[in-house]
Structures are given as structure tokens and as C-alpha cells.
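See below for the structure under consideration.
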């Protein structure tokens, strides 16, 4: 039950993109086609879950015992950057088809603030355990994927729409994101 | 260097032609996330300006020492160090702002604006130009965040910098301080900004 609440909370109520504003750059950047947004979501899901596992353990067993908590930001970003590199190398070797699908998105993920954001948020959960933190990261990644894919499908339709000159490009995308966010606001208070 | 950089142009490009928020769409997460009031927007802007300025200075000074292959991790470590400084200073001296900005303070590290300027400008130019570039870009960011914060605070709360000009009971457009309002307000500000700059050019 507890895990179900975490899942619903992270996917709908506190969606990381639409209500916490994490990962806006890829959200606006790679959402022009459904296929690329599916690839990006997969890569984020992969990296976010692994990164949170590693940073959580690192925080719990290295930073806290040695009172190095103030180094959190530096260590986390380095761990994420190194991890992304490693995932890229391992995928290339172990699973070429998966690498084909996710490869181009991996380097972009280091600067995806959602990964660092979720790693930090996972530390602040109520009576958090490793399993809960990892499940939270996984749920957040589903929320990211959901928002990204829905947004991309709307944008594919917008290609054909007749939009006023001044609103083409960035403004119309932001407006659509605003309306999506409004829809997700309806989930507030669910958990 | 091929030709000297016109410092005035270098400064002004950050404010208008290459405004990080309205034109380049860099650093969108803090832009949308913390601008529920003008004060928060200003605070976030100034914190980012500081990190940007310091990282541009350091990167510009040691650019010849950094091997080309590891330059991105090196830049990230430099930026993360200054972000840690900002985090500790805010927590010690302005705890109210520290609470308000929350997770977005450590996330200054992944603000693409800062890494972008380190990579695209400071690693190729001398100290003076890098400082001017950082101040111009940083001020462009501060102004954009403050304007967006002010717009949302006026519409959503009927106040500006905590100064109320409608009564507590008045019906304000609460939508604008909620998450959707951030997207919508920025969309209209971007339209307005495009319109104004097209007239100038």
C-alpha cells in the first residue's frame, strides 16, 4: 500500500515535470516526435533508478558517517556523470540493440536536472529506506516519461495546426505545457 | 586573439539578443520552479549570477591547464564548488530564502546556462571578456526571473515584493502562483519579448 501511494504520488500528484519543474530542458527539447520522446524516457528511467541507488548508498554509508554532508552536491553530480558514461560503455558491449535505442540520449542526461533532483529528493523522504528511495526514483521516471510522451503527441498535432505568427515555437509549447500542468493539478490532494 | 571583442556588445547581448531565458531557453527549471514571487526570482537570479561569474573567472584563468578531454567534468567540479558555497552562505545568512528555493539551490549545478557559458565563452576568451560576458548573461537571467516572478506575484497574489495593494480577501488569479501559471505567464512574456525586440531590430 505504501508503495502504491509513492507510485501514484510521483506519477500524477507531484509529477516531476509538470508540478516540480525538474527536467524541463529535455521536456521542451526532445518532445517534437513521439519516437524520440519514448527513447529519452527509457534512458531517463534507466539512469534515474541506478543513479538514485548509488547516491543513496553513498550518502548513507560514506557522507553521513564521515560528516561530509556538505559535499553532497559535488559528489552526486560526479557520480551521475560517471554513471552515465559507464552505462553507455556497458550498454554498447552488452546490449547493442538497447544502445541503438537509447545511446544518443545518454550524454544529454548528465545535465538533466531531474536525475540530480530526484537523487536529492529521495534523501528527504519520510523514514526512507533504500528500497523506497529506488522505488520513488523509478516512479518519478515513469511520471517523466508519461508527461514527455503525452506532450510529444500533442506537439505532433500542433505541427499541422494554424498558429498565430507571434506564438509559433516556444510560446505555444509553453502554453500547451501549462494546460497539461493544469490537467495534472486536478490530481492534487489524491494522496 | 583574432580581433578585440567589443565589450559593450559583449555585455548587451546577454540582456537582449541572447537573453538566456526568453531567447536561448537555458535554465528553464529554476526559471519556472522558483518564480512564484518577485523576491524568490530575484534571489535565485542573484545566486545564479554569482556562480556564473565565479565559474567564468576560474575557467578563464585555468583554461590552458585543463586537458581538452576532461574539460566538461572539470567545469562541473568548479561549478559545483561555487554552488556549495552559495548553499552554505544562504543557509547561514538568509535561511528564509534557503527554505523557499529548496532543491533548486543544489540544482544550480545543472543549470545549462552556466556550463554553456563556461564551454562556449570562458574556455575560449580572456579574463576581462569572460567577466563582462558573465555579468551580462547573469543580469539577463536576473531580470527575466524577477520580471516573471513579479508578474506571477501581481496576478496571483495581488502584491509585489510582499507589498500588498489589494485586500487579503480580494479574489486574485491564484492560478498564476500554481505550477500551470508558470508555464502560461512565461509563454506570454516570451511573446511580448519577441514583439519588443523585433521592433528594436
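Can you confirm whether residue B:157 is out of contact with any strand residue (DSSP E or B) (no Cβ under 7 Å at 6 or more places or on another chain), buried (at least 17 other Cβ atoms within 10 Å of the Cβ), away from chain A (no Cβ under 14 Å) and modelled with pLDDT under 85?
Details: out of contact with any strand residue (DSSP E or B) (no Cβ under 7 Å at 6 or more places or on another chain): yes; buried (at least 17 other Cβ atoms within 10 Å of the Cβ): yes; away from chain A (no Cβ under 14 Å): yes; modelled with pLDDT under 85: yes.
So residue B:157 passes the test.
Kindly indicate whether residue A:189 is within 14 Å of another protein chain (Cβ to nearest Cβ), under 30 Å from residue A:60 (Cβ atoms) and surrounded by fewer than 19 Cβ atoms within 10 Å (Cβ to Cβ).
Values: within 14 Å of another protein chain (Cβ to nearest Cβ): yes; under 30 Å from residue A:60 (Cβ atoms): no; surrounded by fewer than 19 Cβ atoms within 10 Å (Cβ to Cβ): yes.
No, not satisfied.
Looking only at residues that are more than 9 Å from chain A (Cβ to nearest Cβ) and within 14 Å of residue A:72 (Cα to Cα) in segment B:58-94, which one is surrounded by the fewest Cβ atoms within 10 Å (Cβ to Cβ)? First the steps, then the outcome.
Just the residues of segment B:58-94 that are more than 9 Å from chain A (Cβ to nearest Cβ), to begin with: B:58-71, B:74-75, B:78, B:82, B:85-86, B:89-94.
With the extra rule that they be within 14 Å of residue A:72 (Cα to Cα), the set shrinks to B:82, B:85-86.
Values: B:82: 21, B:85: 13, B:86: 21.
Taking the candidates together, the pick is B:85.
Evaluate the following for residue A:27: is it touching a residue at least 12 places away in the same chain (Cβ under 8 Å), assigned to a helix (DSSP H, G or I) and farther than 30 Å from residue B:88 by Cβ? Even if it seems obvious, please write down each step before you answer.
On the way: touching a residue at least 12 places away in the same chain (Cβ under 8 Å): yes; assigned to a helix (DSSP H, G or I): yes; farther than 30 Å from residue B:88 by Cβ: yes.
When the stated conditions are applied, residue A:27 passes them.
In segment B:160-178, what count of residues is obtained for those that are free of Cβ contacts under 8 Å to residues at least 24 places away in the same chain, buried (at least 17 other Cβ atoms within 10 Å of the Cβ) and not in a loop (DSSP other than H, G, I, E, B)?
Residues meeting the conditions: 1.
Output the residues belonging to segment B:114-147 that are touching a residue at least 60 places away in the same chain (Cβ under 8 Å), surrounded by fewer than 24 Cβ atoms within 10 Å (Cβ to Cβ) and within 14 Å of chain A (Cβ to nearest Cβ).
Answer for segment B:114-147, where residues must be touching a residue at least 60 places away in the same chain (Cβ under 8 Å), surrounded by fewer than 24 Cβ atoms within 10 Å (Cβ to Cβ) and within 14 Å of chain A (Cβ to nearest Cβ): just B:116.
Among A:1, A:45, A:86, which is closer than 28 Å to residue A:183 by Cα and surrounded by fewer than 18 Cβ atoms within 10 Å (Cβ to Cβ)? Don't jump to the end; show me each part of the working.
Working: A:45 fails: surrounded by fewer than 18 Cβ atoms within 10 Å (Cβ to Cβ); A:86 fails: closer than 28 Å to residue A:183 by Cα.
The match here is A:1.
Can you name every one of the helices (runs of 4 or more DSSP H) wholly within segment A:30-115 that holds 2 or more residues which are modelled with pLDDT under 80?
Values: elements: A:34-58, A:72-94, A:96-102, A:106-109.
Where helices (runs of 4 or more DSSP H) fall fully within segment A:30-115 and carry at least 2 residues being modelled with pLDDT under 80, they are A:96-102, A:106-109.
Give me the residue from segment B:95-113 that is farther than 23 Å from residue B:66 by Cβ and surrounded by 21 or more Cβ atoms within 10 Å (Cβ to Cβ) and, out of that set, farthest from the other protein chains (Cβ to nearest Cβ).
Initially, segment B:95-113 is screened for residues farther than 23 Å from residue B:66 by Cβ, giving B:95-107.
Imposing the further condition that a residue be surrounded by 21 or more Cβ atoms within 10 Å (Cβ to Cβ) reduces the set to B:101, B:104-107.
Details: B:101: 12, B:104: 8, B:105: 9, B:106: 4, B:107: 5 Å.
Among those residues, the one meeting the criterion is B:101.
Could you list, in sequence order, the residues of segment A:94-124 that are within 14 Å of another protein chain (Cβ to nearest Cβ), free of Cβ contacts under 8 Å to residues at least 40 places away in the same chain and touching a helix residue (DSSP H, G or I) at 6+ places or on another chain (Cβ under 6 Å)?
Result: A:110, single match.
Could you grab the pairs with beta carbons closer than 9 Å, sequence gap of 6+ or different chains, first residue in segment A:152-179 and within 14 Å of chain B (Cβ to nearest Cβ), second one modelled with pLDDT of 85 or more and not in a helix (DSSP H, G or I)?
As it stands, the answer is A:177/A:17; A:177/A:18, since those pairs meet every condition given.
The values are calculated or read from the model by the stated rules, or taken from the named source; none is laboratory data. A quick note: this is a predicted structure, and the numbers were derived from the prediction, not measured. For neighbour counting, all protein chains shown are included, and Cβ atoms are generated from backbone atoms with ideal geometry for every residue, glycine included.
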